[in-house]
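Participant: Got a structure for you, written out below as structure tokens; questions coming shortly.
The values are calculated or read from the model by the stated rules, or taken from the named source; none is laboratory data. Computed from a predicted model, the values in this text were never measured in an experiment. For neighbour counting, all protein chains shown are included, and Cβ atoms are generated from backbone atoms with ideal geometry for every residue, glycine included.
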Amino acid sequence: MRGHGSSARQWPGLLIDPGNLNLRYNFACVLTAYLGEKQAALKLLEPVLQGANVTLVNAADVDPDFDALRDDPRFKTMLGAAQRRLRPEKRNGRSRQWQDWVESCH
């Protein structure tokens, strides 16, 4: 499958729905694990990890498709930033989500 990276990067799904984070995530998996296109995968993953929910970020943290990226400083930085973004912020001993919910009830 190697050598088909340039045609793979022109995959129509990204043209049809470029904001689909799940699509971008899965395509990055293919680029990394099957095509060895690490830089292209990182380019796809950047907006994914910037906007992903906790489930997708946790998946990226343990997904074996990204094992080839684990030591890459760019991947570490993106993943770390996403994890910090999603970490519950504590206010008065309670999570931000809990406090926001309580405030919305008043």
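Participant: Suppose the filter is assigned to a helix (DSSP H, G or I), at pLDDT 95 or above, surrounded by 17 or more Cβ atoms within 10 Å (Cβ to Cβ) and acidic (Asp, Glu); does Asp61 pass it?
Facilitator: no
Participant: Here is a follow-up. Mind checking which residues of the stretch 1-53 are in a helix (DSSP H, G or I) and modelled with pLDDT under 85?
Facilitator: Scanning the stretch 1-53 gives Gly5, Ser6, Ser7, Ala8, Pro12, Gly13, Leu14, Leu15, Ile16.
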